Amino acid sequence: KLAGSAAKPLSTKKVVITAGGTLEPLDPVRYLGNRSSGKQGIALANSARDAGAEVVLIAAHLEVQLPEGVEIIRVETALELQAATEHAIESADVLIMAAAVADFRPDHTEQSKIKKRDDTADPVITLVRNPDILAGVVNHRNAVGGSQLIVGFAAETGDEHGDVLDYAKAKLERKGCDLLVVNQVGQGPQGGERTFGQDSNQVLILDRDGSEPLKAEGSKQAVADAVIERIVNKIAAR
Ligand code: CTP
Ligand code: CA
C-alpha cells in the first residue's frame, strides 16, 4: 500500500459539510436563532480536508473563524441551507449534516421593522415547520439509487420517556441516514453546559447496519477525526 494513500484516504472524494445554526428572520433587524457555535462542523471540515477530501462547507451562523482550504457557501435560513445542500450533494460522495437547522420559522418576514405601538395589540409570532433536510436528501438518494454516504448529527438529553441511546436509535431509523453522531447535551458533570460552545464533547456514532455504537470523546477536533475515520472505514468496506 502506498504511504500517500494511507495519509490521504479521502483524496478522490468530495465531502459536503453543513455547519452552524440557521437564522430565521422576523423583520430586517431580528431573527430567531439557536446556540450552535459551528465548532463541530468546522472541526469536521478541517479533518476531511486533512484526509485529502475536496470539502464544501455550507455555513450558517457561526461563532468561530472559517477554515482555510475548503470551499465556503454562506447561508442564513433553513430554506437556503436546504437549497445549497440539495445542489451540493449531487456531485458529492459524503454529506455530513452538522448544522443546527431551525425546526420552525416565522410564517412570514415583515418587510419593515416591527415597531412597538400603544394603539395595537402586542404581536404574536406564528411558526411553521421547516422541511427536514436530512430526511429529504436520504429519500431522494434512495429514490434515484445514489451512493452518497449521509451522516446526521443529533443532540439528545434523554428524559423520563427514554435515554440518549433510545432517542438516538429512533432518530437514526426515522432519518434513514447511514451514520448518526449523537451528542449528549444538557447539564455537564460540573453543572456546566456540556456541548454548546464548548471545546470538548462526548459522542456516540451509531451505524444503520446495526453494529455496536462507537464512543468518541475529547476535543471537537478529536471527535471530528473519529467521525471522519469511521467514514473512511465505511467507504473502504464498500
Ligand atoms: N435536520 C435537518 N433538517 C431539519 C432539522 C434537522 O436536516 N429541519 C438534521 C440536522 O442537521 C441533524 C439531524 O437532522 O443532522 C438531526 O437533527 P435534530 O434536530 O436532532 O432532529 P429533529 O428531527 O429535528 O428532532 P428533534 O425534535 O429532536 O429536534
Ligand atoms: Ca430539531
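The values are calculated or read from the model by the stated rules, or taken from the named source; none is laboratory data. Note that this is a predicted model, so its numbers are computed, not measured. Counting neighbours? That spans all protein chains shown, and the Cβs are built from the backbone with ideal geometry, glycine included.
Scanning the range 138-166 for residues that are at pLDDT below 95, part of a helix (DSSP H, G or I) and within 12 Å of ligand 1 (Cβ to nearest atom) yields a count of 1.
Contact map, the range 83-105: residues that are modelled with pLDDT of 95 or more and acidic (Asp, Glu) paired with residues that are more than 13 Å from ligand 2 (Cβ to nearest atom) and not in a helix (DSSP H, G or I), Cβ distance under 8 Å, separation 6+ or inter-chain. Pairs shown: ASP93/LYS13; ASP93/LYS14; ASP93/VAL15; ASP93/SER147; ASP93/GLN148; ASP93/LEU149. Test each condition in (1) under 12 Å from THR22 (Cα atoms); (2) away from ligand 2 (no atom under 16 Å from the Cβ); (3) not in a loop (DSSP other than H, G, I, E, B) for GLU76 and report the one that comes out false. Looking at each condition in turn, GLU76 falls short on (3). Scanning the range 89-103 for residues that are closer than 24 Å to VAL182 by Cα and either among the polar types (S, T, N, Q) or more than 9 Å from ligand 1 (Cβ to nearest atom) (or both) returns ILE89, ALA92, ASP93, VAL94, LEU95.
Out of the residues in the range 73-88 that are away from ligand 1 (no atom under 13 Å from the Cβ) and under 30 Å from ALA236 (Cβ atoms), state the one that is surrounded by the fewest Cβ atoms within 10 Å (Cβ to Cβ). This residue is HIS87. Please tell me if ALA7 is of a type outside the set (Asp, Glu) and closer than 17 Å to VAL151 by Cα. No: the conditions fail for ALA7. Is it true that LEU23 is hydrophobic (A, V, I, L, M, F, W, C) and either at pLDDT below 95 or surrounded by 22 or more Cβ atoms within 10 Å (Cβ to Cβ) (or both)? No.
Residue count for the range 45-59 under the criterion of being over 16 Å from ALA84 (Cα atoms), buried (at least 22 other Cβ atoms within 10 Å of the Cβ) and in contact with a Lys or Arg (Cβ under 7 Å, 6 or more places away or on another chain): the result is 1.
From the list ALA135, ALA88, ALA102, the one residue that fits, being among the hydrophobic types (A, V, I, L, M, F, W, C), part of a loop (DSSP other than H, G, I, E, B) and within 15 Å of the chain's Cα centre (by Cα), is ALA102.
Is it the case, given these coordinates, that ARG35 is at pLDDT below 95 and either under 27 Å from ARG129 (Cα atoms) or assigned to a helix (DSSP H, G or I) (or both)?
Numbers: at pLDDT below 95: yes; either under 27 Å from ARG129 (Cα atoms) or assigned to a helix (DSSP H, G or I) (or both): yes.
For ARG35, the condition - at pLDDT below 95 and either under 27 Å from ARG129 (Cα atoms) or assigned to a helix (DSSP H, G or I) (or both) - is met.
Do you know which of the residues in the range 105-124 that are more than 12 Å from ligand 1 (Cβ to nearest atom) and under 28 Å from the mean Cα position of the chain (by Cα) is surrounded by the most Cβ atoms within 10 Å (Cβ to Cβ)? Among those residues, the one meeting the criterion is PRO106. Under the condition of being within 16 Å of ligand 2 (Cβ to nearest atom) and in contact with a strand residue (DSSP E or B) (Cβ under 7 Å, 6 or more places away or on another chain), the residues counted in the range 83-105 number 9.
Test VAL128 against the criterion of being surrounded by 14 or more Cβ atoms within 10 Å (Cβ to Cβ), under 26 Å from LEU32 (Cβ atoms) and within 16 Å of ligand 2 (Cβ to nearest atom), and give yes or no. When the stated conditions are applied, VAL128 does not pass them.
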